[in-house]
Amino acid sequence: MFLRLLFESFRRQKRRKSIAFLAIALGMSIATAMIAVAAGIGDKISQELRSTGANLVITPIEDTLDVNLGGVNLKPASSGAYVAESELPKLKGIFWGHNILGFVPSLTAPVTVTKNGKNTLVDLHSTQAANAELIGTYFAQPLHYGKQDFVTGARSVNPWWQVEGEWPHDYAEWPANQPPEVLVGKKVAAESGLSPGDEVEIAGKNLRVSGVLNTGGSEDQAIVAPLHIVQQLLGRPNAVDRVAVSALTKPEDAFGRRDPSKMTPAMRDRWYCSPYANSIAFQIREALPNVRVEQVRQVEQNQGKILTRISGLMLLLTLAALLASVLAVSAAMAATILERRQEVGLMKSMGASNTSVASLFLTEAGLLALAGGMAGFLGGAALARYIGSSIFGSSIEVHPVVLALILCAALVVTFAGSAGAVRKATQFDPAVVLRGDA
């Protein structure tokens, strides 16, 4: 009899049940999408922020003291220390090496750019005040570490660099009939009249301008060349004075900022095995002794702020969707019970207890919740993938454990929306209802 009552309820009240089912499915689809996006948004946003440049900077530890007195920069006696270029592939060998998305070494020297007729001369050792910089770096340098081959350089780590013309090549040995290529900063090009295809002479060596560089930064007042070319010109083989590293990191929390030397072994292992910027910097110092690794704090702090705000927004959207589902289910169940009040009165007059009446309606609600929750999960998974592909360029996978969470949420939402109407049904007086006075 109980199953027949359930069947007849769904058969005779298709419209009411459809409205409740749709309300549950829509609420659960939004909840599924928001949970999936919240779970996968950390790495996605971190990757997006990595497109704004490096978040770690490596410098020689002997050359990190920087004192300004009366506008004069005072360096320590060990000024001029360098990082060995040959050691840089070890960055891929640290515990979180796969999180190192790329790095850009650089070797810099002040230079004076002058025009001599049709020739443009760059003086490395001028007694005049330098009006530009010579920067050696990687553009798209192929490297090898262990069994891993990878390409790194400014083209991938600094995607905001805009080049009018062509990027230089990172040839280890330039063809005999082709001069090495360089980029000229926008301001240098404007002051000296250089354009792609022109040549400049640096320390007696002719170099071809392949493009004009526009970064909006200090590179606009520089000549940027392949690293090994600048090392030859400066007589500093294998030398690098700065390395910008782009690493995929976890936003820092209170634990991530703790000093590992003051942790217990278990806590230190947990800290070491978490991709905090601090722990990755610590591992870099282990792989490259005598270097200093600093965070670009603005990038790391922005990542945490963005994640917090977006997570809060998604939580509000989820709560709003669930509340709307509760209200819709409540309205649909109230209308259902009002229509079936005579059926409820007849059941109670034949000896049905309040528990039996409540069980009937709650079972109906539970079946609707499970069906609506499953439909909402499938719709939410599709919505999450669409959000991922349209915003981040890659799909967001929904973990199967989310299904159990959504089904539980659907049951809670449906029972919460049905509670008032079911309670009203248990209070019906059979005599009054069957007389038609209720």
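Considering each of Ile387, Ile391, Ile337 in turn, give the residue that is assigned by TED's automatic domain parsing to the domain that holds Ile35, surrounded by fewer than 17 Cβ atoms within 10 Å (Cβ to Cβ) and β-branched (Val, Ile, Thr). Testing whether each residue is assigned by TED's automatic domain parsing to the domain that holds Ile35, surrounded by fewer than 17 Cβ atoms within 10 Å (Cβ to Cβ) and β-branched (Val, Ile, Thr) leaves just Ile391. Looking at Ala382, Ala369, Ala404, just one residue is of a type outside the set (Ser, Thr, Tyr) and crowded, with 18+ Cβ neighbours inside 10 Å, and that residue is Ala369. Remark: Asn214 falls outside the filter, which requires a residue to be on the phi > 0 side of the Ramachandran plot and at pLDDT 90 or above. Exactly one residue out of Ala154, Ala176, Ala172, Ala190 is under 39 Å from the mean Cα position of the chain (by Cα), in the same structural domain as Ala244 (by TED's automatic domain parsing) and without any contact (Cβ under 8 Å) to a residue 24 or more places away in the chain, and it is Ala190.
State yes or no: is Leu194 closer than 24 Å to Val113 by Cβ, of a type in the set (A, V, I, L, M) and assigned to a loop (DSSP other than H, G, I, E, B)? Judged against the criteria, Leu194 is a match.
Among the residues making up the range 259-284, those that are surrounded by 12 or more Cβ atoms within 10 Å (Cβ to Cβ) and of a type in the set (A, V, I, L, M, F, W, C) are Met263, Met267, Trp271, Ala277, Ile280, Ala281, Phe282, Ile284. Just one of the listed residues (Ser86, Ser126) is modelled with pLDDT of 85 or more, among the polar types (S, T, N, Q) and in the same structural domain as Val209 (by TED's automatic domain parsing), namely Ser86.
Go through the range 86-167 and tell me which strands (runs of 3 or more DSSP E), entirely inside it, have 2 or more residues that are within 15 Å of Ile58 (Cβ to Cβ) and touching a helix residue (DSSP H, G or I) at 6+ places or on another chain (Cβ under 9 Å).
Strands (runs of 3 or more DSSP E) meeting the threshold: 100-116.
Is at least one residue of the range 35-47 at pLDDT 85 or above, more than 30 Å from Gly102 (Cα to Cα) and either part of a helix (DSSP H, G or I) or out of contact with any strand residue (DSSP E or B) (no Cβ under 9 Å at 6 or more places or on another chain) (or both)? Checked the range 35-47: no residue is at pLDDT 85 or above, more than 30 Å from Gly102 (Cα to Cα) and either part of a helix (DSSP H, G or I) or out of contact with any strand residue (DSSP E or B) (no Cβ under 9 Å at 6 or more places or on another chain) (or both).
Taking every residue in the range 227-243 that is under 18 Å from Lys205 (Cβ atoms) and at pLDDT 95 or above and pairing it with any residue that is hydrophobic (A, V, I, L, M, F, W, C) and in a helix (DSSP H, G or I), at least 6 positions away or on another chain, yields no pair with a Cβ-Cβ distance below 7 Å.
Annotation: of all residues in the range 172-190 being assigned to a loop (DSSP other than H, G, I, E, B) and among the hydrophobic types (A, V, I, L, M, F, W, C), the one that is surrounded by the fewest Cβ atoms within 10 Å (Cβ to Cβ) is Ala176.
Considering the range 195-210, and only residues there that are in contact with a helix residue (DSSP H, G or I) (Cβ under 7 Å, 6 or more places away or on another chain) and touching a residue at least 60 places away in the same chain (Cβ under 8 Å), the residue that is surrounded by the most Cβ atoms within 10 Å (Cβ to Cβ) turns out to be Ile202. Restricting the range 234-293 to residues that are closer than 22 Å to Glu85 by Cα and among the acidic types (Asp, Glu) leaves a set whose member that is farthest from the chain's Cα centre (by Cα) is Asp241.
The values are calculated or read from the model by the stated rules, or taken from the named source; none is laboratory data. Note that the coordinates shown come from a computational prediction; the quantities given were computed from them, not determined experimentally. So basically every Cβ, Gly included, is an ideal-geometry build from the backbone, and we count neighbours across all protein chains shown.
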